[in-house]
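Reviewing the structure listed below.
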Amino acid sequence: MRHNVVSRRLVKLSTAAMVMAFAATASAVPMHLDYRGWLVDSMGNPVDHSVNVKVGLFNANSGGSAIWWEDLGSQNVNDGYLLITLGDDEAGALRDALASGTNHWLEFTLDNQVMAPRQKIHAVAYAQVAGNAGWLGGVDASGYATKTWLDSYSADPANLPKDGLDEVSNGTLSNEFAGVQATSEDTPINIPDNTPGGVNADLTTAEALGAEMRSIIVSFKITVNIVSKIKVTLVPSGPTGVGPIELMNQTLTPAQSATYQYTPGSLPALAALINSDPSGTWTLNVADTDLTGGTSNAILDEFKIVYNVIRSNGLNATGKLDLTGDYDITGDVDVTGDAALPQDVNAMSVDAVQYLKNGAPLEADYWLRTGNDISYTGGNIGIGTNSPSEALDVNGDLRIDGALISQHQLRYSDADFDQDGGLNYHIFTFEKKRADTILYIQWHENFRCINGDCSRELRIDGQSCSEPRSMYFGHHNTQGNNEHRPTTAGYFCSKVAGQPIAAGNHEFRVVHVGGADNWVGWNTATFIHIEEVYGEFK
């Protein structure tokens with residue numbers, strides 16, 4: 001029968017302290033310590049009947065005499081859970097016993113059977129000494145200021161500063177950087193055995209959408225009654241933009257029942273949460289993945305996250321801020337009003353391209369960027385290229401609504417040039433800026449050919465243009481007439497001797513290649529016009 005238990009085991013689930021502060025003096029504060037435990041028999045089955053409970057407080061983990069004890073009589077145990085209240089008296093004996101030292105252990109006797117080992121009381125129980133007047137520095141509470149006393153001096157508590165920033169700024173500065181602890185109200189939860197889907201504990205942060213998290217500690221407490229394979233997964237809130245993060249996947253023994261904490265330093269996957277938005281609901285999924293289903297061998301006692309967060313702009317100033325010393329800014333400064341700076345300011349370095357975009361450098365990121373739109377390198381500005389080689393380098397179409405001023409190289413002749421036999425040349429020089437361009441050349445002459453068909457060729461660095469073709473300039477036979485005729489020709493050239501025309505300085509010569517008694521000039525302008533263009537031949 002279930003009542004004939006040969007051996008029992010009591011596992012502490014939690015102790016929670018509560019001070020009933022309705023008395024006028026600290027000495028009258030009653031002492032209550034709630035205790036919740038998990039009671040199983042020798043087979044690991046939860047006990048489900050009443051037991052007689054005695055409890056003692058010791059200052060050692062074994063041996064010695066109890067410094068406090070209490071007989072609680074018959075107490076109900078429901079499906080393994082034992083919930084009792086210790087120190088249910090007005091004398092404060094348990095409180096005084098706890099205040100007598102820093103290390104204490106509880107020992108339970110159930111149906112005259114001593115439960116071993118003793119269970120150490122940790123810091124949470126010592127919150128009870130908050131009821132002791134010692135926290136007032138030895139001064140009776142009546143010696144401290146009260147609302148009535150403040151009212152007598154016209155000091156409305158609602159107008160008292162909430163923090164140091166409010167005090168020094170008359171309320172115009174507020175600290176929007178906060179440290180927050182968010183705790184799930186879903187715990188404790190039994191963790192079913194061999195249930196891969198596990199159980200969920202949720203918590204919702206107090207943040208509004210748009211907050212920014214700067215640090216995080218994820219903490220959970222788990223109690224294991226029988227060796228179990230435990231998998232724990234954190235599911236951050238949607239606004240973080242971070243997917244599930246596995247915190248634990250290992251076998252735990254009852255001795256490993258503890259509080260587990262994780263930070264980005266101990267678990268790098270959590271680093272993705274830094275600078276994310278923590279608003280919304282977070283979920284902790286815990287699963288016991290081994291053995292058979294239908295039983296519960298572990299309990300999730302607690303789930304919480306502790307984080308630092310910037311709400312809005314961190315430091316909010318609603319009034320005037322005067323600075324007489326250095327102001328060191330490592331981040332962005334958003335100024336919506338006038339900013340008067342009476343002294344020299346060493347401004348932050350801002351990419352000149354951001355000024356080009358719209359004159360508001362801190363708004364540059366709002367541009368929809370596709371590829372290389374504007375770049376600034378070595379004093380050169382590139383549009384459509386991130387490696388500009390000129391003061392303004394444009395890779396793509398260029399539309400100009402106003403005037404375009406360009407530089408041309410011109411050469412004038414005020415007398416005839418005899419080019420019979422190639423004795424005389426028109427020589428020009430030109431600096432080609434880019435290697436990926438071709439040349440457009442416009443040539444104008446006042447030309448005379450008396451005997452035979454005459455022709456001239458424009459050569460680059462002494463060689464003929466090979467693509468698309470040679471650049472010839474011809475004239476009909478004038479049958480001995482001394483006649484000059486103005487003639488203009490245009491050419492494109494992309495290669496010389498089969499090779500692209502490199503960037504750099506080049507020489508252009510107009511040479512005589514055919515005919516006799518061949519003249520140009522005659523007191524009329526002779527010029528050559530050279531441009532770099534992009535083009536292809538089909």
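Observations, loosely collected:
- Residues that are farther than 28 Å from Gln181 by Cα, modelled with pLDDT of 60 or more and of a type in the set (Val, Ile, Thr) are absent from segment 271-280 altogether.
Residue-by-condition table, conditions (1) at pLDDT below 90; (2) under 47 Å from the mean Cα position of the chain (by Cα); (3) assigned to a loop (DSSP other than H, G, I, E, B):
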| residue | (1), (2), (3) |
| --- | --- |
| Leu57 | no, no, no |
| Leu86 | yes, no, no |
| Asn103 | yes, yes, yes |
| Pro117 | yes, no, yes |
| Val124 | yes, yes, no |
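- Matching option when the condition is at pLDDT 85 or above and in a loop (DSSP other than H, G, I, E, B), among Gly63, Gly73: Gly63
- Applying the criterion of at least 1 residues that are touching a Pro at 6+ places or on another chain (Cβ under 9 Å), farther than 26 Å from Leu39 by Cα and not basic (Lys, Arg) to the strands (runs of 3 or more DSSP E) found wholly in segment 213-295 leaves 228-235, 245-252, 281-288.
- Residue satisfying all of: in segment 199-216; touching a helix residue (DSSP H, G or I) at 6+ places or on another chain (Cβ under 9 Å) and buried (at least 17 other Cβ atoms within 10 Å of the Cβ); farthest from Ala178 (Cα to Cα) among these: Ile216
- Residues located in segment 228-273, provided they are buried (at least 16 other Cβ atoms within 10 Å of the Cβ) and β-branched (Val, Ile, Thr): Ile230, Val232, Thr233, Val235, Thr240, Val242, Ile245
- Residue match in segment 445-459 (condition: at pLDDT 90 or above and more than 60 Å from the chain's Cα centre (by Cα)): yes
- Unique residue being under 28 Å from Ala208 (Cα atoms) and among the polar types (S, T, N, Q) when the list is Ser257, Ser276: Ser276
- In segment 428-470, residue surrounded by the fewest Cβ atoms within 10 Å (Cβ to Cβ) [restricted to those that are farther than 26 Å from Ser389 by Cβ and of a type in the set (A, V, I, L, M, F, W, C)]: Ile450
- Looking across segment 281-299, the residues that are within 16 Å of Ala182 (Cβ to Cβ) and of a type outside the set (S, T, N, Q) come down to Trp282, Leu284.
- The set of residues from segment 65-82 being on the phi > 0 side of the Ramachandran plot and either surrounded by 11 or more Cβ atoms within 10 Å (Cβ to Cβ) or not assigned by TED's automatic domain parsing to the domain that holds Trp105 (or both) comprises Asp79, Gly80.
- Out of Ala255, Ala201, sole residue that is without any contact (Cβ under 8 Å) to a residue 24 or more places away in the chain and within 30 Å of Gln119 (Cβ to Cβ): Ala255
The values are calculated or read from the model by the stated rules, or taken from the named source; none is laboratory data. The shown structure was predicted, so the numbers you read here are calculated from the model rather than taken from an experiment. For neighbour counting, all protein chains shown are included, and Cβ atoms are generated from backbone atoms with ideal geometry for every residue, glycine included.
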